[in-house]
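As structure tokens, the structure follows; a few thoughts come after it.
The values are calculated or read from the model by the stated rules, or taken from the named source; none is laboratory data. Note that the structure is a prediction, hence the values are computed from the model and not measured. Because the Cβ atoms are built from the backbone with ideal geometry, glycine has one as well, and the counts that use them run over all protein chains shown. These area figures cover heavy atoms from the full protein model, side chains too; ligands, DNA and RNA do not enter into them. Shrake-Rupley method; radii C 1.70, N 1.55, O 1.52, S 1.80 Å.
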Amino acid sequence: MNQQAYNKFEGEEIHTEDLNINRQTINSQHHQSQQQRESIVDESVRLKKKTAYQFRALFYKSIALQSKQIGTNLCQIFTPLICLIFVFLIKKLAENQFGTTFSLDYPFIFNVPGMYSWYPFIDNSTCLEWYAYDFEKNATDSTRSFVGYNNGVDEEQPQGLLKNIFQNKNKCQFEPKYNEKTVSRNVPFFKMPPENTSINEEIYESLQILNEVPYQRGIDLNSLDIIPDGAVQFQEASKEKLVYKVQINDLRIPEYHRNNGITKYRFKLENMEQPVSELRVAEGQISLIDLISRAYLQTFNENVWLVSGIQYMPLVGEDKAFIMRIISITGASLYPLALSLLLPIFMYVIVLEKEEKLLEMMKMNGMRMKDYWLMTFLFSLTLTLLTYTLFYLFGYFILGLSFFTETSLSLLFVCFFGWGLSQIALSFFFQVFLSKARSATIIGYLLSIWTSLIAVTINAAVYPDPYQLPFTMRLYPPLGFSRLMYIFSFACSNGQCFRRWDSITDEIKDCIIFLYVGFVVFTLLGVYLHEVIPQEFGTQQHWLFCLRKLRKRNKGNDFDSSMVNQNYEGLQEDEDSKQEREFVRNIEDHSQYPLVIRDLRKVYKPVGGRPEHVAVKNLSLHVKKGEIFGLLGPNGAGKTTLISMITGVYAPTKGNAWIAGYDIVNNIEMVHLNMGVCPQFDLLWPDLTVEEHLLFYARLKGVAPSEEKAKVERAMKEVYLEQKASYKTAELSGGMKRRLSVAISLVGDPSIIFLDEPSTGLDPKNRRKLWDILSECRGKRAMVLTTHSMEEADVLCSRIGIITNGSLRCIGQSVTLKKNYGKGYHLYINCEKKKQQDRSAFDEESHQSDSGTQEEIKDNLFKYIDQIIPKNEKKPSFNMNFIFQIPNDNLKVSQIFDLLEKEKTRLKISDWGISQSSLEDVFMSIVETAEQ
Ligand SMILES: Nc1ncnc2c1ncn2[C@@H]1O[C@H](COP(=O)(O)OP(=O)(O)OP(=O)(O)O)[C@@H](O)[C@H]1O
């Protein structure tokens, strides 16, 4: 490497070379302008075809990516079909479960205690039936004695009104609370609560007891007959008037009821295996009032008999409606959900390309966002149509659901198509706010599921048919689409599917129209917000960027000298940098050079209280054909900003740059066709192969279909990846991925390639391999290399520019920089260590007297060096290795050589060498000066 450095030192000075080139340029001006015209014609043809090629690139990339994800695709297509199968099964289940049962009438129940047990279909589980009764606080004694009592115990003669309650003398066992004796009673019987306790207090107490009793849920607590079936509170009772209130045990917990035939049935129909239990509150109330009314009547005339009974209206018709309601609600909730599941997938694809910076990479390689959105839209639409068509065909032909077979096909098509479009637009919109693919998937699914659930609640519970969805809700496509599905599904469940367009209501019309309006609005919003809302990577545009673009277009393509800031005061530039600026200013034909940067400036606007920041200050430089130009600088110097401006990621604040003669301000598309970018990190799709990557970028850069294969093969050859053409990038090693990134920048024969720290993360072997590749390619194109490895810059770069604080601090060949900024040379001296340990051997060998210990050797050496090179600077030494920095002035290497060789033995020098200051010294010295 030193030899190489030495050769460079011997080389010509850069500005002389440039002046030579300038002279040649003038001489061959005519010939070149002819060539230039031809190339412009050629480029404009390329540009025209570019849109078609980009479409091809994006289309094939999407196809290639999709073809690698068979499982996901099948899920995409089949999930909606699974939802359909679910609707179908629910329909079948509902029909089987309820269809036959309720086609029979409900049993008729006589309101005579005990009689229900005679009824053939009724299973009377318990004979017990009892009520609590009480009096209102201010009830009179005459009321109390009129009511009397009938507590079901034969020995205690019943009295008053309650005596006339017809009783069934079954002698039911009754287990009272508080360990009272078990008694047998006639039913029904009426029991008063203990003194000073109200009925409700009594019931409350009983409930607490029940709550403490361990029980098995679902099993009736038949033995715990502690809660009455009902309660009566008498206010007034006389021959003229009977005023009372009734309560019935309507507690919804099954364990609080017994099967008593009044409030609860267990009935078993002939063809049923299991009895059915039901809580019957209303019948219980009627029954209790009927018992008391009948008793009251008999008080006046014991020969009068009322026989009444209770029976439900037959429920056959109701049941059918119930089944259909289930189906319509299931359909109304599942159809929109099934057809919304593409949303998370679309969001995932866009956000993934954003997160992995693939979008930025594509943009740097000339992809226009409008082409990207259009292609993404078309691809998503193709998937949508495929999925929805299968959904329809499956529902129509396989399951034969009336929703599909009887609703107008054109009506369904307009709705499905509108929803498909809206869904894609919503994915464009929601992706703006997301930067992680995983969260995009989760949020996408949540959006689909939650919207469907909310919509079904709104449709079925808040605005069920025939109510109409409020107008504002029709505006939001997911709600509108769910409403359409609900209306169609509900209509079909009533046997009145929408077969024709003329039967559609205004509500349906609105929902359909706003699907399409929503598509336009959300698409525009998504595309616009993507540009103006800060994303994790990429440039944020001004919110009026569309107007600015329009203005720029009207302005034309001429270079505007007012765009250049002519104030160079305060720039930390050396003489060479100033000459470089002068040289660039005098360039008339920019197409002669792969890259010309003229007074490029970038000012980051003040954001959130942060002051404005000038990241690049009027920087000028040029790069020649075949040159590898090293762009060095400390962190934050402005290298990335400079390259981002040149590659079109950021717009320059002032100044301009030309790539192969095309300027970045007005002709960025042609710029992209003529440059290649190898980013710092490998921005690759893990599922695409090496060849697919290269084909994609070749197409993106406008390589014609007839040439693309050959160019891709050449690029693979250049980086020694031909054998790995069919490997997915996920299967490549880190070094191979890096080489692929370089190949991507090479493909399409660009005039200039930007390599951003290309060897980051490579092991020494792979780094050297990469250097070989870059060196081999240098003859064909120019390269701009940013790196923090001085060794890399030294080995590869024919010229180096060091940027500090946004200005080009110095520029030149490595040796020139070392000469100008390096602190001279380094003298390395190793003294004999071994002889230390084996002094006698050393003495014998050298035939010298003992010259002492390590310290003495060091002292002797330092004295001698001070004597021959008075201005030396001693660097830290270790283990008898000494380094001296020696200045450039008056240095004669040959003299030092002679002197040291002569004194070598005396000074016990085993080895010595001299080298020029390294590039790292130059870098450090420049950076330190800039920081002062
Ligand atoms: N988007 C931005 N908005 C505001 N300031 C920015 C922005 N991007 C970069 N800067 C600032 O501009 C300066 C130059 O940054 P830049 O990334 O170009 O440096 P660099 O030389 O590439 O650094 P590194 O070697 O660390 O990548 C820094 O001070 C940085 O903080």
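The amide H of GLY676, built 1.01 Å from its N in the peptide plane, has ILE752, ILE753, PHE754 as neighbours under 5 Å, considering only residues 5 or more places off or on other chains.
Can you give the FRET efficiency to the nearest 0.05 for LYS892 and GLU928, using r as the Cβ-Cβ distance and R₀ = 41 Å? Intermediate results must be reported in sequence, preceding the final value.
Details: r = 29 Å, r/R0 = 0.70.
For R0 = 41 Å, the calculated efficiency reads 0.90.
The charge dipole of the range 466-546, taken about its Cα centre with unit charges on the Cβ atoms of Lys, Arg (+1), Asp and Glu (-1) only, comes to about 320 debye. 3J(HN,Hα) along the range 620-630, derived from phi through the Karplus expression 6.51 cos²θ - 1.76 cosθ + 1.60 where θ = phi - 60°, amounts to 10, 6, 9, 10, 9, 4, x, 9, 10, 9, x Hz, with x in place of Gly and Pro.
Spin-label model, GLU791 to PHE300: label points 7 Å out along the Cα-to-beta-carbon direction sit 11.9 nm apart.
Figure note: GLU776, GLU708 ranked by solvent-accessible area, largest first, 1.4 Å probe, ligands and nucleic acids not counted: GLU776, GLU708. The modelled label-to-label distance for the pair TRP373/TYR60, using points 7 Å beyond Cα in the direction of Cβ, is 2.7 nm. The phi torsions of the range 668-681, fed into the Karplus equation with coefficients 6.51, -1.76 and 1.60 and a -60° offset, translate into couplings of 4, 5, 5, 4, 5, 5, 10, 9, x, 10, 10, x, 4, 10 Hz, rounded to whole numbers, with Gly and Pro shown as x. The listed residues ARG767, ARG280 rank as ARG767, ARG280 when sorted by accessible area, largest first, using a 1.4 Å probe.
Sorting the segments 636-648, 292-304 by their mean number of nearby beta carbons within 10 angstrom, highest to lowest, gives 636-648, 292-304. Stretching PHE862 away from ILE82 to a fully extended chain increases their span by 272.0 nm, per 0.36 nm per residue minus the current alpha-carbon distance.
With charges only on Cβ, +1 for K and R and -1 for D and E, what is the dipole size of the range 678-753 about its Cα centre, in debye, rounded to 20?
On the way: 11 positive and 11 negative charges, 27 e Å.
Using only the charged Cβ atoms, the result is roughly 120 debye.
Ranked by the mean number of other Cβ atoms within 10 Å of their residues, highest first, the peptides 49-57, 696-704 fall in the order 696-704, 49-57. When the surface is traced with a 1.4 Å probe over the full set of protein chains, PHE391 keeps roughly 0 Å² accessible. Here's how it looks for LYS191: its modeled amide H is under 5 Å from those of TYR131, ALA132, TYR133, which are all 5 or more places away or on a different chain.
Contact order for the range 351-439, expressed relative to its length and based on alpha carbon pairs under 8 Å spaced 6+ residues apart, stands at 51 percent.
When TYR528, TYR467, TYR256, TYR720 are compared by accessible area of protein heavy atoms, the largest-first order is TYR467, TYR720, TYR528, TYR256, using a 1.4 Å probe.
Proximity of backbone amide H atoms, modeled 1.01 Å from N, is registered between VAL616 and LYS602 at under 5 Å, excluding neighbours fewer than 5 places apart on the same chain.
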